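Participant: Here it is, the structure in full.
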Amino acid sequence: MSNSTSSPGHVHHWETSVAPMLVVGGILFLVVFGFAGWFAYNSKMMAFVSAGLGLPLLLAGVAKWTAEGLTHKPLIEGVSPAALPIFIVSEVFIFLGLFVSYWTMRLSAGDNWPPVGTPTDFNLVLPIIMTVILVTSSLTYHVAEVKLGKGDLGGFRTWVLISIVLGALFLGCTVYEYSHLLHQNFGPSTNAYSSAFFSITGFHASHVLVGLGVFVAVLLGAMKGLTNKYFSFCAGLYWHFVDVVWFFVASQVYYW
């Protein structure tokens, strides 16, 4: 990003960051190579190595980008709250593509659903618990934003930490469910439903993971007395989006 003007005596200034490259590299290894290794080449080794490389890169990129957002003065004030909804719209279309694929497959199957290989005792209580956890985490982050608006930095840190714990608990439920299903020989390649189930819930879980990375970076900055109202607002807006999407994920892949 550059900041230049034609005013006399102004020195041309460039702002640079490696954070976008770290994020892109993390996504490349984690999503592209990881999914290709698991689904296209049936190589668990390739998938695990790609995930091992991609996850640290992604988290490092998110953390650095967040830290820069908290410590650098923006070139143009107030752009991020207007720009983030544009990013969210692009995310909506990605999720919509996954849902349309699932709907097409589900409607085409008719009465032959769920496919052979799907567990008959699918846990339908856990997604309700996960919904309560995620909605509560949105509420606690809203409280954190209220505290920040009142200048209560200590209260802000406390409620952000509570939000992080709840988000981690949500991911813990996902890991528990995946482990349980895999032990029942219900994996991503078992049948058409399992491919859709793991793709949609896994894609959502990746967004929760990114949101937690942002929250951690916000919390670490707040512990040093560094806060940014625009970035804190955008972090919350992203998290609320992830929360809303979960209602569609849960209602479609679990209950339909």
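The values are calculated or read from the model by the stated rules, or taken from the named source; none is laboratory data. Worth saying up front: this structure is predicted, and the values here are computed from it rather than measured. Using ideal geometry, Cβ is built from the backbone for each residue, glycine included, and neighbour counts are taken over all protein chains shown.
Participant: Could you give every pair whose Cβ atoms fall below 6 Å, whose first residue belongs to the range 34-59 and is farther than 18 Å from residue 206 by Cα, and whose second residue is outside any loop (DSSP other than H, G, I, E, B), counting only separations of at least 6 or pairs across chains?
Facilitator: 43/37; 46/37
Participant: From (1) loosely packed, with under 11 Cβ neighbours inside 10 Å; (2) modelled with pLDDT of 85 or more, pick out the condition that doesn't hold for residue 85.
Facilitator: Every listed condition holds for residue 85 apart from (1).
Participant: Mind checking which pairs have a first residue in the range 149-168 that is surrounded by 20 or more Cβ atoms within 10 Å (Cβ to Cβ) and a second that is not in a helix (DSSP H, G or I), Cβ under 8 Å, 6 or more apart or different chains?
Facilitator: Close Cβ pairs satisfying both conditions: 156/227.
Participant: Looking only at the range 135-194, which residues are of a type in the set (Val, Ile, Thr) and part of a helix (DSSP H, G or I)? Even if it seems obvious, please write down each step before you answer.
Facilitator: So the first thing to find is which residues in the range 135-194 are of a type in the set (Val, Ile, Thr), and the list is 135-136, 140, 143, 146, 158, 160, 162, 164-165, 174-175, 190.
Hits for the range 135-194 are 135, 136, 140, 143, 146, 158, 160, 162, 164, 165, 174, 175.
Participant: Further question on the same structure: Determine, yes or no, whether residue 130 is touching a residue at least 12 places away in the same chain (Cβ under 8 Å), closer than 26 Å to residue 181 by Cα and not β-branched (Val, Ile, Thr). Reasoning before the result, please.
Facilitator: Values: touching a residue at least 12 places away in the same chain (Cβ under 8 Å): yes; closer than 26 Å to residue 181 by Cα: yes; not β-branched (Val, Ile, Thr): yes.
Taking the combined requirement at face value, the residue satisfies it.
Participant: So in the range 214-256, with the set limited to residues that are among the β-branched types (Val, Ile, Thr) and assigned to a helix (DSSP H, G or I), which one is farthest from residue 125 (Cα to Cα)? Spell out the reasoning first.
Facilitator: Keep residues of the range 214-256 that are among the β-branched types (Val, Ile, Thr), which gives 214, 216, 218, 227, 242, 244-245, 249, 253.
Retained after the next criterion (residues that are assigned to a helix (DSSP H, G or I)): 214, 216, 218, 242, 244-245, 249, 253.
Details: 214: 29, 216: 29, 218: 32, 242: 20, 244: 19, 245: 19, 249: 15, 253: 13 Å.
That would be 218.
Participant: In the range 175-209, which residues are surrounded by fewer than 18 Cβ atoms within 10 Å (Cβ to Cβ), closer than 14 Å to residue 242 by Cβ and among the polar types (S, T, N, Q)?
Facilitator: 206
Participant: Exactly one of these conditions fails for residue 212: (1) at pLDDT below 95; (2) under 19 Å from residue 55 (Cβ atoms); (3) surrounded by fewer than 21 Cβ atoms within 10 Å (Cβ to Cβ). Give me its number.
Facilitator: Of everything listed in (1) at pLDDT below 95; (2) under 19 Å from residue 55 (Cβ atoms); (3) surrounded by fewer than 21 Cβ atoms within 10 Å (Cβ to Cβ), residue 212 misses just condition (3).
Participant: Just one of (1) modelled with pLDDT under 75; (2) more than 26 Å from residue 211 (Cβ to Cβ) trips up residue 71, so point out which.
Facilitator: With (1) modelled with pLDDT under 75; (2) more than 26 Å from residue 211 (Cβ to Cβ) applied to residue 71, the lone miss is (2).
Participant: Then there's this: For the range 93-115, enumerate the residues that are assigned to a loop (DSSP other than H, G, I, E, B) and at pLDDT 90 or above. Walk me through how you get there before you give the answer.
Facilitator: Going residue by residue through the range 93-115, those that are assigned to a loop (DSSP other than H, G, I, E, B) are 110-115.
Result: 115, single match.
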